[in-house]
Each structure stands twice: as structure tokens, then as C-alpha cells.
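This report refers to the structure that appears directly beneath it.
The values are calculated or read from the model by the stated rules, or taken from the named source; none is laboratory data. Everything numeric in this text was worked out from a predicted model, so none of it was measured. Every residue, glycine among them, receives a Cβ derived from its backbone with ideal geometry; neighbour counts consider all protein chains shown. Just the protein is used for accessible areas: all its heavy atoms, side chains included, with ligands, DNA and RNA removed. Shrake-Rupley method; radii C 1.70, N 1.55, O 1.52, S 1.80 Å.
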Amino acid sequence: MYGLYAIGFIAACIIAVLLTPLVKKFAFWVGAVDAPNHRKVHTRIMPRLGGLAIFLAFVGAYFVVSPALDAVNSNAAFGLLLGGLVIVITGALDDRFQLSPKWKLLGQLIAACIVVSFGLKIDLVNIPFGETNLPIGWLSIPITILWIVGVSNAINLIDGLDGLSAGVSGIATTTILVLALMMGNVTVILLAVILLGSIVGFMFYNFHPAKIFMGDSGALFLGFALATLSILGFKQAAVVSLLIPIMILGVPLSDTFFAIMRRYVNKLPISAPDKSHLHHCLLQLGFSHRTSVLIIYGIASVFGGSAVICSVFISQDSTWGLIMIIVALFLVMLVGAEAIGIISKSRKPVLNFLQRLVGKTVQSDRMGK
């Protein structure tokens, strides 16, 4: 069994390594390129469409390995493959023609509806501090669609530095793989393994200095695949609560949340572009391109590790351990966000409160002496 998983990973990796140079030439041929501007970090014209190589490697490796695994839920896998095809086509068209937001959203909604039509829905939510699952009835369809579209766009939103989206997605995929191995979920293990292999193969050309960008075709597909894999976790294991997939995708989801907060504080439209995302803030602090990416990899790994620990606490009904992890992670995230100015460069209420608290403590110690 594990040998087949290894074959799937290696097959996906090799296919991605072989296809990416061909996709690069194709991108230049059709004019799917990314020109530098005031909002972008790169300084030369770069080919896009890297998502085609990732998706084709994923599909190819699946059909290489899946016939040998009887326990694979083919219905769920085909839902991911067919929906993935729609979202990759949507992203590829945007890479070439710069689609309007409404057309991109339409493609994402169609892909999400395909997943739902194959029976992949968030039917219930495990309550972390209770012993029962909460059924959500007819709300399962809109919640599932919202989750898939939201995660797809969150991954796309952080695609601002070489290897950033691919690396963060790879870490999230690894976390899902670890949880699937703990649960013995064969379908999720296989899909996560070949998705990880596809990402690793593409990373040979995408890590700084990148030779090709994944484009919307890649970022949207990776977000779509991660969202769908997390839904499979929801359906097949009560140990995976609503908290776990949110923590797995902590970097893109928190960056999206902070972007909304930043635009609200600055009285800007939510869709207004800016250069204050996490990777922008790290660059502005003086970190190099490569170091900024590695720092975000580290943050993503902390989120992923926390998700695994929380899943263990949930399975063991360790409520206090779970609360401590969540509170600590939230406070560190909030303080870090204010420290780098991701919400506002001037408004830092939490840091100011902590500074006043520390100041009073020091003053009290001196008076006591």
C-alpha cells in the first residue's frame, strides 16, 4: 500500500518536472505572460500557466496509481478531477486574457457545484467542545460552495513571491496527508500524495529565482484541491472539526482576513489591491525575497503542526489543551500582525496595551524594591 503511495508521489513529481518546461514554452507562445508593474515584485516578463503542469501531473499520477487501489473513492476523486479541470481552464483563461472578476467567480462557482454534485458536502460540523456533531441540513450546499471559493481565492491572494503559494500549499497538503494517515483515509492519502508530488515537481522551476509562475491556473487549482480534500476529511472523520482545516490553511486565510480588516480600517473597498500583504510587509522590513518566503513557510508549518496537535486533543477530548493552543496561536498571530503592520502602520492597540502592561509591571517591581 505505502509502495503505491510512493509510486504516486514519484510519478506526479516526474511528470511535473518534465511538463513544466513545455508549459513554459506554451505560455510564451500564446502570450500568457506576467509583465512587471508597481504592485509586483518581479522585474521582467515571466511566463504564467504553471498550473497546467501541476494539474496534468496530478491527473496523470492519479490514473497511474488508482487502478491498483480498490479502496479509493472514485466518485470523490472524479469530482475533484472534473471540478479541477473547470477551475484550471478558468485560471488559464485569466492568465492569458485577464478575465473580469465576475467571469472568474462564475468558473469557481461551476467547479464548486461539480464537487457538490458528486456528493462532496460539509454535511455536519464537529463541535470541538462538545461530544456531538452539528447537522447543517440544506445549508451544507452554500457552505460547501463558499468554502471552496473562499479557499481558492485565499491561495490566489498570497501568490506574490516566487514559490510562495506552491510552498504554502505543499505544507498544507502535507498536514492533510499526516491527518489522513492518522485516520487511515485511503482516498485522501492518495490524492494528497500525488498533489504533493505535483507541487514538489513544479517547485524545481518556481522557487526563487522562478523560471515560471503558476498563475491563476495554479493558485486557483491548489486552493480548490485543498478545499476539496478538507471536505473529504469533514465527511469521513469526526475528529476533523471545523477548526482543523481553518488552521491547516492558516496563512492564506489569515492574510485574507487581515486584508479585509486593513481595507476596512483605511476605508477602502474590500476588492481594492494594495502592497500590504504578509509578503509585502516582510519585504518592507528588509528581508530578502528568499528569506521572506522561508519565514512564511515557517509560519505555515506552525499552523500545520498546531492543526495536527489540535486534532489529537479533539480525539482525546482534551478541551483545555485545545483551548490553550487556540488562544496562544491567536495571540501570537495578532501580535505578529500588528508588529509588521499588516493591518495598519500606526494603529496597534494590542501592542500598545502589552507595552503599557509591561511598563506598569516594571514600575511596580521597582517600587517594591
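Assorted remarks:
- Karplus-derived HN-Hα couplings along region 142-158 (A = 6.51, B = -1.76, C = 1.60, θ = phi - 60°), whole Hz, x at Gly and Pro: x, 5, 5, 4, 4, 4, 5, 5, x, 5, 4, 6, 5, 5, 5, 5, 8
- For Ser140, the solvent-accessible surface computed with a 1.4 Å probe is close to 0 Å², ligands and nucleic acids excluded.
- If you sort Cys310, Cys13, Cys113 by accessible surface, 1.4 Å probe, largest first, the order is Cys113, Cys13, Cys310.
- Cα gyration tensor category, rounded, prolate or oblate, for the chain with a/c compared to 1.5: oblate
- Protein-only accessible surface order, largest first, of His279, His208 at 1.4 Å: His208, His279
- More than 18 Å apart - percent of Cα-Cα pairs taken over region 49-112: 43 percent
- Accessible surface of Trp147 - all protein chains present, 1.4 Å probe, nearest 10 Å²: 40 Å²
- The figure for Leu106 is an accessible area of roughly 80 square angstrom, using a 1.4 Å probe on the protein chains alone.
- Couplings 3J(HN,Hα) for region 198-204, derived from phi with the Karplus relation 6.51 cos²θ - 1.76 cosθ + 1.60 (θ = phi - 60°), are 5, 5, 4, x, 5, 4, 4 Hz, where x marks Gly and Pro.
- Cβ-based charge dipole, region 58-197, positive-most Cα from Val59, Val178, Leu190: Val59
- Solvent-accessible area per residue, Å², over region 1-80 with all protein chains present [probe radius 1.4 Å]: 51 Å²
- For region 158-292, alpha-carbon Rg relative to the globular expectation (2.2 N^0.38 Å, N residues): 1.14
- Taking the protein heavy atoms of the chain in the context of the full set of protein chains, the accessible area attributed to carbon and sulfur is 70 percent at 1.4 Å.
- The average projected area of region 136-212, computed from the convex hull of its Cα atoms over all directions, is 6.1 nm².
- Between the listed residues Ile148, Gln316, Leu357, the Cα displaced farthest toward the positive end of the dipole of the chain, a dipole computed from Cβ unit charges relative to the Cα centre, is found at Leu357.
- Rg [Å, one decimal], Dmax [Å, integer] - region 258-319, C-alpha atoms: 16.5, 45
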